[in-house]
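I have placed the structure first, in the form of structure tokens, so that the comments after it can refer back to it.
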Amino acid sequence: MSVHNSINTGKPITVTIDGKVCKSTFGKTILQIARENDIYIPTMCYLSKVQPIGSCRMCVVNVEGVDGMILSCQEKAVDGAVITTNNSALFHERQNIMKLYDVNHPLECGVCDKSGECDLQNKTMEFDVDTQEFTARDQHRPVENWGHVSYDPALCIMCEKCVRVSTEITGDEALKVKFGGYGSTIINVKQEKNYASLGEAAAVCPVGALVSTAFKYTSNAWELTKIPSACPHCGGGCQMYYEVKRDRIYRVTNEFEFSTLCGAGRFGFDYANEGVSKDPAAFNAAVEAFKNADSVVFAPQISNEEAMILQKLKEKYGFKLVSHEARAYQKFMAAYSTVTGKHLYNGDLKTLSDSQAVIVLGIRINNDSPTVKYHINMASKWQRARVIYMHPMEDSEIQNIVTQFIKYEVGSEEGVAALLAHTLLEGNEDVTKTLREYLDDLDIGNLSAECNVGEEELDALKKSLLKKRGFSLVVGSDLYMHPRAEQIAKLVALLETYAGFNVICVPPAGNAMGVSLICDLDDSAEGKTVGYNVKGDFTLSALGDGDLDMPALNQQEGTLTTVDKRVVPMHVALPYGGYVLNDIANALGIHAKYTIDYTPMLPVAKGFKKTVFDALDEYFDATGTEHRGYLLASQKVPVKRTLDEIEEIEAFDGAVVYRCDPVEQFSPFTAKSTLLKDEPVMLGSTQFAAAAKLQDGDTITFEIDGISFERLFKIDTEMKGTIALNPTFDMGLSASLLSSYRFSRLVFRKTNNENIGNNDE
Amino acid sequence: MGLEQFKNRNVGQQNYVMLDLEHTPETGMGKFRQVVRRTFKAELFVGLWVTMREMINALFKGQMHTVKYPFEKLPISPRYRAIHEMLRLLESGHYRCIGCGLCEKICISNCITMDTRYDENQRKEVSEYTINFGRCIFCGYCAEVCPELAIVHGPRYETASEQRASFSLFEDMLTPIDKLNLQQEYDGFGAVTPNADENIKKTPLAY
Ligand code: SF4
Ligand code: SF4
Ligand code: SF4
Ligand code: SF4
Ligand code: FES
């Protein structure tokens, strides 16, 4: 799959490891080949998903004809090599390494969180360390609490996995090594930010040094039942395990060797709708409400199967089915596919992380899709990728990976897409004649002025792509909700078709992608409505505040569709005593015993497979290949490449707000999670405050799409420009009613009262 | 690491004594003679005298042998496994349990349930600890596995209760702080062996 990965482009080689003949390709390390062939080589610092660290020396092997011991995690295998992974000298070497690790290591396995799954414990036993000959003067190393995670330097073995994850994977770059011989420690240089992404650094820690603060000392690892699932928050569908004991989720872990979870997935797990019992009166009312409904409006935080049930109900009862974000995405992808001829975008995350140039357009990537941002970060760290970030607002959180920031005017996305297509398709010979004419006819000077994107910026962009291989383009929901979304989609699609870009159209929320593929959505609701996780005349809610309770996504089985175009299973982590959507469907004459009976019925025409739920795999193999669910099959659609004139750009003057949640907040469900504590405040720069005549600490009310917001305004000194960030994660059942373009002019009323604005003198 | 050293508990000394018993007669005549001898020896009165002596001793000399259970109880072997006790550290008075959860894990009848938390002093605190004595089979595994000699078997063997489930809380089993001076070190199941010192290997120190 990964065409750009130099590892896979090597020529075939054969090596012998412990007498076993192993076929592989050049470019792989001895350790990788051994693991591919189920040969065990002990490691302490090796983490498959980052570059070899080489700090432990446990992975030493002997190679015939080479003096001394070789680090198998770093050394590439050469054709014909004969390798021994274990003999008494190697054992002794490894035993001594373990003895050194054990010097002054506190004897606190009895209380340590890691006990039972600790690499140090395991390898100390494995290498028979029953006496200690080494010694060093111990030092006082107090525990440090960094917020989401805490660090105990006394337990740290300085393997550096956490630092590498924070740098190469999540890209928060918060953890650093403070060198000092035996006194070396890990330091958090961005403690004040309290990055939830550090949860991933804690996950890879082989010992109990870096742990989740909330989980610390609450349970032994062996008491917890691991329930495999997929994170439902952002549409990433990342692999995760709920770790459960006595009907409570204690923590979330993952297959950290190969996959990554963002802070929301890791810490946002306690949103279950608890203490629900069956209320037949409410249930009957719900059934009646469905019968009489003119529209069903729902939030995209549902499973594929639930979406399927809603679609079946629509077919039977003929109501309108409305889910704004998913609908916008559906229309965007429909337009997109008329150019590419395939119903899905071609991109995937693995290829993204192998790219040498990445363009990000119309998405605040760090907030909207952490997992996509992590893959861009990997490309930046491993491929030294050029990252061109195009957005009306600069984002200081990603300035470490962005090599070129191109700021455009709010609302000018169509023009920007046209400029991009024009620049990147210049001189391209595959382009059809009509398209060439269309591109040549574009008034570049005018567009560039209207979008406020300089031609020299585009030239620089173009130049920086020279001599690079592997291009990715990531687009997001600023485009889907744009009034000219369909035209933008076609322009973006040109880059997939003609410029060889790996394009990812990041799903806007929750399972919006699954919903957009399964449901036949309508543009707007009318008449009597039933809302599912949305306020309606009759409301079904997994948040516990509706007319009938529904299970939250960690209380039900089902599948999700992810940004990687994969259909992945979720399992029940917590019990639920009430009615589910399938019960309503049964009462309405659409019969199925379980919700997951719909898994094999998902539309094959949209790339789903007829696999039954219980047959879906959930694992990574020894080489790190993902076997979770299945990949959506690409479907052909008729091609119709007609592009319209670029429309005049409507000017957004004055104070503008951008709908955007804080990092690692996505929905009312993450908002319900106690470990993710974010204030729903409107954040703006000093410039914005001046433009809107606001002061830090003012409370304002305003309306977007008929939904009224009350917000405390705060000045963020790291921000620039006249656009403020307006979160929606706290809006509960109203959050998914928003349907317009993400930017809007701010027309507000100040509602400061004496009690609130007491600090402005 | 072998287990031999752990198996050598050196508990108890065996001092057997042979009793001097007369031979059992084998012939019919021999049996007859034994009966006649015993009949005319007036052994009945020997027995009555013993009873009389004990009565006098009990009533007038204060040497009563009856144990007035339940007001009095006989001492019981340290290896007897009765209702659990939670011991405290003698120096600080803090409870010994570190919340490692090994007793909970090993318990064969799943009757130990516990919860722990991270406390203000950065210690692992036992926030919840119960044993359901209705289920406990007094196997002693918990006392044996405990690395801190915190959970031990006490001498209280009455386990009758009104309900099948009968829970004891941590506080119920913990040595009362004002009786800390009376806390007995435990010699039973899981206690350190008398020769533990000999088995210790020293760790080198840099200073
Ligand atoms: S890090 Fe491992 S070896 Fe160290 S105390 Fe914890 S469980 Fe024991
Ligand atoms: S905190 Fe953990 S992962 Fe980080 S260096 Fe120490 S032992 Fe390794
Ligand atoms: S004595 Fe045995 S059954 Fe009773 S609590 Fe201990 S381990 Fe469990
Ligand atoms: S084994 Fe001992 S120290 Fe561990 S939890 Fe049980 S009583 Fe406490
Ligand atoms: S795994 Fe090779 S040096 Fe640590």
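Side notes on the structure shown:
- Across segment B:97-136, the qualifying residues are those that are part of a helix (DSSP H, G or I) and facing chain A (nearest Cβ under 8 Å), and the one among them that is farthest from the chain's Cα centre (by Cα) is B:Lys105.
- Matching residues in segment B:86-96 - criterion: being more than 14 Å from chain A (Cβ to nearest Cβ) and either assigned to a strand (DSSP E or B) or of a type in the set (A, V, I, L, M) (or both): B:Met86, B:Leu87, B:Arg88, B:Leu89, B:Leu90
- Within segment A:41-56, the residues that satisfy the criterion of being more than 6 Å from ligand 5 (Cβ to nearest atom) and without any contact (Cβ under 8 Å) to a residue 60 or more places away in the chain are A:Ile41, A:Pro52.
- Considering the conditions (1) of a type in the set (S, T, N, Q); (2) under 26 Å from the mean Cα position of the chain (by Cα); (3) more than 10 Å from chain B (Cβ to nearest Cβ), A:Thr213 is excluded by exactly one of them, (3).
- Checking A:Glu718 against (1) surrounded by fewer than 17 Cβ atoms within 10 Å (Cβ to Cβ); (2) over 32 Å from the mean Cα position of the chain (by Cα), the condition it does not meet: (2)
- None of A:Val82, A:Val66, A:Val149 is more than 41 Å from the chain's Cα centre (by Cα), at pLDDT 95 or above, away from ligand 5 (no atom under 15 Å from the Cβ) and outside the structural domain of A:Ser380 (by TED's automatic domain parsing) except A:Val82.
- Scanning segment A:132-159 for residues that are out of contact with any Ser or Thr (no Cβ under 8 Å at 6 or more places or on another chain) and over 30 Å from A:Lys190 (Cα atoms) yields A:Glu133, A:Phe134, A:Ala136, A:Arg137.
- Boolean, A:Glu761 is more than 28 Å from the chain's Cα centre (by Cα), surrounded by fewer than 19 Cβ atoms within 10 Å (Cβ to Cβ) and modelled with pLDDT of 90 or more: no
- Test: B:Arg81 is touching a strand residue (DSSP E or B) at 6+ places or on another chain (Cβ under 9 Å) and basic (Lys, Arg): yes
- Evaluation of A:Leu120 against (1) part of a loop (DSSP other than H, G, I, E, B); (2) crowded, with 17+ Cβ neighbours inside 10 Å; (3) in contact (Cβ under 8 Å) with a residue 24 or more places away in the chain (one fails), failing number: (1)
- Matching residues, segment A:365-390, being part of a loop (DSSP other than H, G, I, E, B) and surrounded by fewer than 24 Cβ atoms within 10 Å (Cβ to Cβ): A:Gln383, A:Arg384
- Of everything in segment B:97-125 that is surrounded by fewer than 20 Cβ atoms within 10 Å (Cβ to Cβ) and more than 13 Å from ligand 4 (Cβ to nearest atom), the residue that is farthest from B:Leu149 (Cα to Cα) is B:Glu120.
- Yes/no for A:Ser219 being in a loop (DSSP other than H, G, I, E, B) and within 14 Å of chain B (Cβ to nearest Cβ): yes
- Any hit, segment A:150-159, residues being small (Gly, Ala, Ser) and more than 11 Å from ligand 2 (Cβ to nearest atom): no
- Residues satisfying the stated conditions in segment A:515-534, i.e. surrounded by 24 or more Cβ atoms within 10 Å (Cβ to Cβ) and either in a strand (DSSP E or B) or not hydrophobic (A, V, I, L, M, F, W, C) (or both): A:Ser516, A:Val530, A:Gly531, A:Tyr532, A:Asn533
- Just one of the listed residues (B:Pro25, B:Pro75) is away from chain A (no Cβ under 14 Å) and under 19 Å from the mean Cα position of the chain (by Cα), and it is B:Pro75.
- The listed residue being away from ligand 3 (no atom under 16 Å from the Cβ) and more than 27 Å from A:Phe620 (Cβ to Cβ), out of A:Asp113, A:Asp119, A:Asp67: A:Asp67
- So A:Phe652, is it touching a residue at least 12 places away in the same chain (Cβ under 8 Å), assigned to a loop (DSSP other than H, G, I, E, B), surrounded by 20 or more Cβ atoms within 10 Å (Cβ to Cβ) and not acidic (Asp, Glu): no
- Residues located in segment A:140-198, provided they are under 23 Å from A:Ser115 (Cβ atoms) and assigned to a helix (DSSP H, G or I): A:Lys161, A:Cys162, A:Val165, A:Leu198
Yes/no per residue for (1) within 13 Å of chain B (Cβ to nearest Cβ); (2) exposed (fewer than 14 other Cβ atoms within 10 Å of the Cβ):
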position	(1), (2)
A:Asp67	no, yes
A:Ser72	no, no
A:Val78	no, yes
A:Val111	yes, no
A:Ile157	no, no
A:Arg164	no, no
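- The number of residues in segment A:425-475 being over 27 Å from A:Ser355 (Cβ atoms), among the hydrophobic types (A, V, I, L, M, F, W, C) and part of a loop (DSSP other than H, G, I, E, B) comes to 0.
- Which listed residue is touching a residue at least 24 places away in the same chain (Cβ under 8 Å), more than 11 Å from chain A (Cβ to nearest Cβ) and touching a Gly at 6+ places or on another chain (Cβ under 9 Å), from B:Gly140, B:Gly154: B:Gly140
The values are calculated or read from the model by the stated rules, or taken from the named source; none is laboratory data. Just so you know, these numbers come straight off a predicted model, no measurement behind them. We place every Cβ from the backbone using ideal geometry, glycine too, and count neighbours over all the protein chains shown.
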